[in-house]
Every structure is written in C-alpha cells, then in structure tokens.
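**Q** My questions will all concern the structure given below.
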Amino acid sequence: MKKSLALIAALALGLMTSAASAADQIKIFAAASVAPSLQKIADTYKVGKDVEVQITPAASGALAKQIEAGAPADIFISADLKWMTYVEGKGLMKDGSSFNLLGNSLVLVAAKDDKVSVDFADKTSLPTVLGQERLAVGEAKSVPAGAYADQALKSLGLYDAVSPHFAPAENVRVALQMVARGEAKLGIVYGTDAAAEPGVAVVATFPETSHQPIVYPIGLTKNAGQAAADFVTYLKGPEAEAVFTAASFVKPAK
C-alpha cells in the first residue's frame, strides 16, 4: 500500500513538473533602470497565460558580455545604443529585431533633506556644492548612465573639477542608493530613477544637448522564440506604455 501511494505521489509530481516545464519561459536581460517598470508589465502580461517571465537586471555592458559568453537570454534591453550594437556585431541578435523602445533624461540628485541647488550655467556652482564629498556615477565603461554623465560633464566644462570625486557604481540604481543612504553628496542618474526613489530630490537636469540622446534599444537574441517576440510586441502597446509613462520614461529619440 505504501509503495502504491509513493508511486501515485511520484506520478503526480511528475505531471506537475511536466506542466510547469511546458510553460513558455521568457528570459530578459534588462538595463537596471528599466527593470522595475518591466517587472510590473510582466506581472500583468502573464496573468491567464502559460508563460513565465524572468528578468535579469544589471548594467548594460555587463549583460552584453554575459550574452556574448553564452548566458541564456531571449530579449536584451540596453540603456544605450553602444551595447546593442556590440551584441549585434557579434551576431547574437535576430536581424532587424532591434528598435528604440524608450527615452530618458539625465539628472543630478541629492538626498531629499539636503537643501542644495546647482546651476549648470555657473561653472563654479557644482564644484562648490560638491566640495570634497563624493559624486555617485555609474562606471562609464559598462554603465550607460556613467557614459552619459561623462559626456555631459565634459560638454559643460565641469569634468576636470568634479571627476576626482567620482564614486563609481556598478549600475545606476546603486549610484542612486548611495545618495539616498548618504554615502555620496550628489549623484548623476536617470530622471526615472529619481522619480522612483523618495529619498532623493532632483537638484538640476542636464541639458539634452550636453549628451547623446538617452535611448533604450530592445532586441531579440538569436535563440528567442515566438513567446519572446509576442512579449516585445506587448511592450509597444498601450498597457505597457502607461506603465513606462508613469515611471517618467519618454518617447525615444529617432
């Protein structure tokens, strides 16, 4: 009798496992700044569908390198064109599948209770406010927000004055938290990050002309199936757009 019960239990477990494995798996490698909005969209999308959406958030450069190394991914969302172009150049993406999904802004933030202001038109303003304290920025070699920050600071003639005080972060969300926790006096992040973190306040917005347009290209990897393609189509629809807009993302530059 015990053997029969054990056999029935094993068969039931096998059926459950088979059913679970039958669900479509969509693996998304996404820039850290877009991952929270993407998770909200995915949670809504999968209701009533036999599909699972797994989101891996990190710096775009790190994700691109993981894809290059063979990490399983169906969709890649970068925070700049550089890293999408990189994986496409390696032959890792489906031809013609990539397009610019979103846009963003670049802002300077401080802790919410730190009542400071910065005027980018005055070249002494930012160095004076920063003093000898730290400026949290993404690591420019792998974090697009860090690369945009470098461009903006150089364009405004401020890079040499403040770069010795950089506190490099592995992604833009880490830079944001450094400011919120008081580990850095100021930080350079995306407008969407600032909007999502109640512990910081926007001190100034970098002029759009001071850096390359901030765009989030999305594409399907070589191994992506129909389930991934369907989800990308959903991301272009009104339900997803409402979530992105609520998070302060904007239409991408063409």
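**Q** Within the stretch 236-243, identify whether any single residue is on the phi < 0 side of the Ramachandran plot, buried (at least 21 other Cβ atoms within 10 Å of the Cβ) and either touching a Leu at 6+ places or on another chain (Cβ under 6 Å) or not acidic (Asp, Glu) (or both), and answer yes or no.
**A** Within the stretch 236-243 (the criterion being on the phi < 0 side of the Ramachandran plot, buried (at least 21 other Cβ atoms within 10 Å of the Cβ) and either touching a Leu at 6+ places or on another chain (Cβ under 6 Å) or not acidic (Asp, Glu) (or both)), the answer is yes, since at least one residue qualifies.
**Q** Just the residues that are among the acidic types (Asp, Glu) and either in contact with a helix residue (DSSP H, G or I) (Cβ under 6 Å, 6 or more places away or on another chain) or in contact (Cβ under 8 Å) with a residue 24 or more places away in the chain (or both), please, taken from the stretch 126-159.
**A** Matches in the stretch 126-159: GLU133, GLU139.
**Q** While we're on this one: Of all the residues that make up the stretch 24-73, how many are closer than 18 Å to ASN104 by Cβ, hydroxyl-bearing (Ser, Thr, Tyr) and touching a strand residue (DSSP E or B) at 6+ places or on another chain (Cβ under 8 Å)?
**A** Selection size over the stretch 24-73: 2.
**Q** Ok, one more. For a quick check of your reading of the model, give me the residue pairs whose first member lies in the stretch 25-39 and is on the phi > 0 side of the Ramachandran plot, whose second is open to solvent by 10 Å² or more (accessible area, probe 1.4 Å), with beta-carbon atoms closer than 9 Å and at least 6 apart or on different chains.
**A** Hits for this filter: zero, empty list.
**Q** Let me ask you something else. Restricting to strands (runs of 3 or more DSSP E) lying wholly in the stretch 16-111: which have 3 or more residues that are of a type in the set (A, V, I, L, M, F, W, C) and closer than 30 Å to LYS185 by Cα?
**A** So the answer is 106-111.
**Q** Follow-up question, since we're still on this one. Does VAL202 satisfy the criteria of being outside any loop (DSSP other than H, G, I, E, B) and either of a type in the set (S, T, N, Q) or open to solvent by less than 60 Å² (accessible area, probe 1.4 Å) (or both)?
**A** No.
**Q** While we're here: Return yes or no: is SER105 touching a helix residue (DSSP H, G or I) at 6+ places or on another chain (Cβ under 7 Å), over 29 Å from SER163 (Cα atoms), in contact (Cβ under 8 Å) with a residue 60 or more places away in the chain and open to solvent by 30 Å² or more (accessible area, probe 1.4 Å)?
**A** In short, no.
The values are calculated or read from the model by the stated rules, or taken from the named source; none is laboratory data. Being a predicted model, the structure only gives us computed values, none of them experimental. With ideal geometry, Cβ positions are generated from the backbone for all residues, glycine too; neighbour counts draw on all protein chains shown. The area values use the complete protein model at the heavy-atom level, side chains included, leaving out ligands, DNA and RNA. Shrake-Rupley method; radii C 1.70, N 1.55, O 1.52, S 1.80 Å.
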